[in-house]
Amino acid sequence: MTANEVSEIVTTVKAFSTALKVTEELTQQEEADRQSLEVKIEQSFYEAGKALAELRNRRLYRSTHKKFEDYCRERFQFSRDKADLMIKAVEIVDNLKNDDNCRRSLPSAESQVRDMVDLTPIEQCQVYAAAIEECRGKVPPRRVIKGIVKQLKELNMISQNNLYSEGDVVKIRADVNMTLRKYDDYWGIIIQKDTSSCIVHIDVKNVDVQCNLSEMVKVEEKYIANIKAVNKRIANFMQKSNELSSIAIGILEILGRRICFTDDDLWFLRKLEERYEEKLGIRTHN
């Protein structure tokens, strides 16, 4: 942690709000431990992360704050995300200590491990060892680590892309992508792919959506034949979806999330086809 980062964390300790309800008193020993840990947070990033983890895990903030994020914001002037990142940095450093190629030049700042947060422990060691090698044994700066992480993710993306082909049935996994959220958990069929994403057609929504490789999961082979058969039947409806009742649309959307269809599911679909056969020209399936 640099002097500027330390200064940013502890410049001003705000007085605790008098309106804040004290929910639980600390013992004398816990109070002493809390003060000792808070001092460590003002020191190196590694000690700070370890201290924050202990404060969080033992809930030593509970005498003044109900939530850990409120404690971090008012006591140290940083967000819960920042605190979590500092704690994660300690886990990464501890992992690097176990690798012979990494322990000789361990990180000296949290920023140096920030780009490795999403990697597996093995990948963290691979990336950091490669960064040390590139810097001829010296502690690598963030820009070097960031570049190697980018290369690794690109290789992983290429490998992952090879898992998918046009015509594959996939489930949408929106995660944090708000654009995809309304299609989360629906299945669809890949109609186009490139190196980093696929276009998936969701018949029950009558829409094409673009998904990154991490935003979908391939459906097991044993379900695909039934899904594709039901998909064709759903497609007959969605071409005239504006003429369907809300109940009919609701049943179709339920089917659009199922990958394994029960007898009841197929019975409802058959009844819908019979109901709309003459009105919409829907062909009845037996």
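Where a number appears in this text, it was derived from the coordinates with a stated rule and is not lab data. Computed from a predicted model, the values in this text were never measured in an experiment. With ideal geometry, Cβ positions are generated from the backbone for all residues, glycine too; neighbour counts draw on all protein chains shown.
Brief remarks follow.
- GLU166-ALA229 pseudo-label distance in nm [points 7 Å out on the Cα-to-Cβ vector]: 2.6
- Residue list for the range 200-219, given a label point 7 angstrom along the Cα-to-Cβ vector of ASP184 and an amide N cut-off under 14 Å: 215-216
- Note on Cα Rg over 2.2 N^0.38 Å: of the candidates [x] 1.71; [y] 1.44; [z] 1.05, the value calculated from this structure sits at [y].
- Among the GluC sites (Glu not before Pro) in the range 174-261, those placed in a DSSP loop whose Cβ has at most 12 other Cβ atoms within 10 Å are GLU220.
- C-alpha long axis of helix 45-57 to longest principal axis of the chain, angle in °: 70
- Of MET86, MET116, MET178, the one that fluctuates the most in a GNM where the chain has Cα springs shorter than 10 Å: MET178
- Here the Gaussian network model covers the chain, with springs between Cα atoms less than 10 Å apart; of SER214, SER165, SER246, SER246 fluctuates the most.
- The angle between the Cα long axis of helix 142-161 and the main principal axis of the chain comes to about 20°, on a 0 to 90 degree scale.
- Nearest 10 degrees, 0 to 90: helix 263-280 Cα axis against the chain principal axis: 50
- The length gained on full extension between LYS67 and GLU24, counted as 0.36 nm times the residue separation minus their Cα-Cα distance, comes to 14.2 nm.
- At most 15 other Cβ within 10 Å, DSSP loop - trypsin sites (Lys or Arg not before Pro), the range 106-151: ARG136, LYS138
- Diffusion of the range 165-286 by Stokes-Einstein, at 37 °C in a medium of 0.692 mPa s and with Rh set to the Kirkwood radius over alpha-carbon pairs, works out to 221 µm²/s.
- Couplings 3J(HN,Hα) of the range 67-81, computed from phi: 10, 4, 5, 5, 4, 4, 5, 7, 8, 10, 6, 9, 6, 4, 4 Hz, in residue order, whole Hz [Karplus 6.51 cos²θ - 1.76 cosθ + 1.60, θ = phi - 60°; x for Gly and Pro].
- A full extension of the chain between GLU220 and ALA32 corresponds to an added length of 62.1 nm, given 0.36 nm per residue minus the alpha carbon distance.
- Of LYS50/LYS150; LYS171/LYS228; LYS153/LYS193; LYS97/LYS138; LYS153/LYS228, those spanning more than 24 Å from alpha-carbon to alpha-carbon: LYS50/LYS150; LYS153/LYS228
- Furthest towards positive pole of dipole, LEU213, ILE251, GLY188, structure part the range 180-257, Cβ charges: ILE251
- Result for the chain in a Gaussian network model with C-alpha springs under 10 Å: among SER197, SER44, SER36, the largest mean-square fluctuation is at SER36.
- Only helical runs count toward this figure. For the chain, summing -39,500 (n - 2.57) over DSSP H runs of n ≥ 4 and dividing by all residues gives -16000 deg cm²/dmol at 222 nm.
- Contact order, relative form, for the range 52-129: 23 percent (alpha carbon pairs under 8 Å, 6 or more residues apart, mean separation divided by residue count).
- Here r is the Cβ-Cβ distance between GLU278 and THR195 and R0 is 41 Å; the resulting FRET efficiency, rounded to 0.05, is 0.30.
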